[in-house]
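Take a look at the structure below.
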Amino acid sequence: MLLFLPGLICDARTFAAQTAAFADSRAIEGYGLADSLPAMAEIVLEQAPDEFDLFGHSMGGRVALEVFRLAPDRVRRLALSSTGVDSLGESEPAKRHALQAIGHEQGYEALVDAWLPPMVADDNRANDALYGPMRQMCLDKGQAMFDAQINALLMRPEQASLLDEITCPTLIMTGRLDTWSPPAQHEAIAARIADSTLVIVEGAGHMLPLEAPDAVNEAIAAWLQRPANQTTTRQPALGEAE
């Protein structure tokens, strides 16, 4: 099975084009009000089969890395899209708290309308059929979920060192016009993972699966053709029931 993990104030709608294209796939609807990345990873693992391919977008990429940390032998293939692995930067808390303040002081709709537009390439933002449903998805999540997920991002564990441990076939991809998690950031991630493929999608911003569904599906199809890691069954310890 292929599992998709959505990002900040997003849900399974992010991957509608992907779950329609790949029969043995589904998107995690969300993480409830979980306020840490490890807690989100536990939610994913509770819903996952014994072995699975894993595609994480944006914050979902960070969740995917926590899933890998907790259960590396269950992840057959890994895809990290429009994401990052850096630890908390000096200016990051103030920027994220400023967005929260917009919601609390001006209303959640004002927060979404401040946060979402820079995430989408200009041409795609002008496409009402694309941008309208995307905006509504984010509006449906609400301030409480935004606050919980911002806390998860601000309290995130160190993840960069995990890259050196990843041996399964890994797809790294982002949009050429993604200013939030730009191509150079993904080039650096791919360079740290032994069996990785880097895909940069022209004309797309941060909301890649929605902005460029055909290109994303093409990259996924090629990734799924690569031989997956095979789980080695652990032998029971002496005296342990088989």
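Each reported figure results from applying straightforward, stated rules to the coordinates on display, with no laboratory input. These numbers come from a predicted model, not from an experiment. Quick reminder, even Gly has a Cβ in these numbers, built from the backbone with ideal geometry, and neighbours come from all protein chains shown.
Descriptive notes on the structure:
- For Leu171, the residues whose amide H sits under 5 Å from its own are Leu78, Ala79, Leu80, Thr197, ignoring neighbours fewer than 5 places away on the same chain, with H placed 1.01 Å from N.
- Take every Cα pair under 8 Å whose residues are at least 6 apart in sequence, average their separation, divide by the length of the stretch 66-208, and the relative contact order is 34 percent.
- Remark: the stretch 61-71, residue by residue, has Karplus-estimated 3J(HN,Hα) of x, 5, 5, 4, 5, 5, 4, 4, 4, 6, 9 Hz, where x stands for each Gly or Pro and the curve is 6.51 cos²θ - 1.76 cosθ + 1.60 at θ = phi - 60°.
- Under 5 Å, built H, 5+ apart or other chain: amide partners of Ala121: Gly205, His206, Met207
- Cα-based helix-to-principal-axis angle, 92-106 vs the chain, degrees rounded to 10: 50
- Structure-based [θ]222 nm, the chain - -39500 (n - 2.57) summed over DSSP H runs of at least 4, per residue, nearest 500: -13000 deg cm²/dmol
- Highest-fluctuation residue, Arg74, Arg176, Arg226 considered, GNM on the chain with Cα pairs under 10 Å: Arg226
- Distant-in-sequence amide contacts of Val201, defined by a placed amide H-H separation under 5 Å and a gap of 5 or more residues or a different chain, comprise Thr174, Gly175, Arg176.
- Summing charges over all other residues whose Cβ lies under 13 Å from the Cβ of Asn127, with Lys and Arg as +1 and Asp and Glu as -1, gives -2.
- Using R0 = 30 Å, the C-beta based FRET efficiency linking Glu109 and Asn151 works out to 0.90.
- Full extension of the segment from Leu139 to Glu202, taken as 0.36 nm per residue of separation minus the current Cα-Cα distance, would add 19.9 nm.
- Rounded to whole Hz, the Karplus (6.51, -1.76, 1.60) HN-Hα couplings of the stretch 36-41, x for glycine and proline: 8, 5, x, 5, 5, 4
- The alpha carbon gyration tensor of the stretch 72-136 gives principal lengths a ≥ b ≥ c with a/c of 1.5 or higher and a/b no greater than b/c, which makes the shape oblate.
- Angle in degrees between helix 183-192 and the longest Cα principal axis of the chain, rounded to the nearest 10: 10
- The stretch 167-173 - phi-based ³J(HN,Hα) in whole Hz, Karplus 6.51/-1.76/1.60, Gly and Pro as x: 10, 6, x, 10, 9, 10, 8
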